[in-house]
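Student: Got a structure for you, questions after.
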Amino acid sequence: QVQLVESGGGLVQAGGSLRLSCAASGRTFGNYAMGWFRQHPGEERLSVATISWIGSKTYYSDSVKGRFTISRDNAKKTVYLQMNSLKPEDTAVYYCAAKSYGGSPDPHDYDYWGQGTQVTVSS
């Protein structure tokens with residue numbers, strides 16, 4: 001069992017930066033892939049970035065590639081999403097998720113989810 005808690009969301013101006021954190025508790029998860037997803041009301045949850053805890057392989061959606069960076073600190077059981085050059089369209093609730101072994105951009109593949117943190121980017 002893994003519990004995930006996101007933090008770091010808030011209001012930021014377009015072009016600004018924000019760093020989201022996702023702290024995990026429970027069993028150690030060296031073989032867990034982690035992902036950040038975002039969702040607007042009434043819309044499906046979409047992958048933003050994923051990272052493997054083994055090999056640090058990463059994936060980014062085309063919309064955030066070059067602007068966002070996913071990273072992790074396994075000793076602290078924390079995964080981060082550094083968001084730079086933020087745009088109003090980045091406004092969403094951001095969720096942290098974990099799954100066993102290999103990474104995936106499909107939210108249905110993930111076993112554990114945080115409650116989400118709101119990111120709002122003003123123009």
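Student: Report the residues of the range 1-32 in range of a label on ASP111: point 7 Å along Cα→C-beta, backbone N strictly under 18 Å from it.
Tutor: Only 1-5, 23-32 pass the distance filter.
Student: Expected output is a single nm value to one decimal: the length gained when fully extending between LYS87 and GLN118, i.e. 0.36 nm times separation in residues minus the C-alpha distance. What is it?
Tutor: Working: separation 31, 0.36 × 31 = 11.16 nm, distance 1.42 nm.
The span from LYS87 to GLN118 would gain 9.7 nm if fully extended.
Student: Then there is this: So if I place +1 on the C-beta of Lys and Arg and -1 on the C-beta of Asp and Glu, and nothing else carries charge, what would the dipole magnitude of the chain be about its Cα centre? I want it in debye, nearest 20.
Tutor: Dipole of the chain, to the nearest 20 debye: 420 debye.
Student: In whole percent, how big is the carbon plus sulfur part of the accessible area of the range 1-61, probe 1.4 Å, protein atoms only?
Tutor: 50
Student: How large a share of the accessible area of the range 80-123, in percent, is made up of carbon and sulfur atoms when the probe is 1.4 Å and the other protein chains stay in place?
Tutor: Its accessible area is 47 percent carbon and sulfur atoms.
Student: Which lysines does LYS99 reach when only Cα atoms under 17 Å apart count, and residues fewer than 8 places away in its own chain are ignored?
Tutor: Straight-line reach from LYS99, under 17 Å: LYS57, LYS77.
Student: Let me ask something additional. Mean separation of Cα pairs under 8 Å and 6+ residues apart, divided by the residue count of the range 1-49: what relative contact order is that in percent?
Tutor: Relative contact order of the range 1-49: 30 percent.
Student: Another question, if that's okay. What accessible area per residue, rounded to a whole number of Å², is obtained for the chain using a probe radius of 1.4 Å? Kindly include the intermediate steps, with their values, before the conclusion.
Tutor: Details: 6170 Å² over 123 residues.
Computed with neighbouring chains in place, this is 50 Å² per residue.
Student: Count charges around SER56 for me, please; just the other residues with Cβ under 14 Å from its Cβ, Lys/Arg as +1, Asp/Glu as -1.
Tutor: For residues surrounding SER56, the net value is +1.
The values are calculated or read from the model by the stated rules, or taken from the named source; none is laboratory data. These numbers come from a predicted model, not from an experiment. Every residue, glycine among them, receives a Cβ derived from its backbone with ideal geometry; neighbour counts consider all protein chains shown. These area figures cover heavy atoms from the full protein model, side chains too; ligands, DNA and RNA do not enter into them. Shrake-Rupley method; radii C 1.70, N 1.55, O 1.52, S 1.80 Å.
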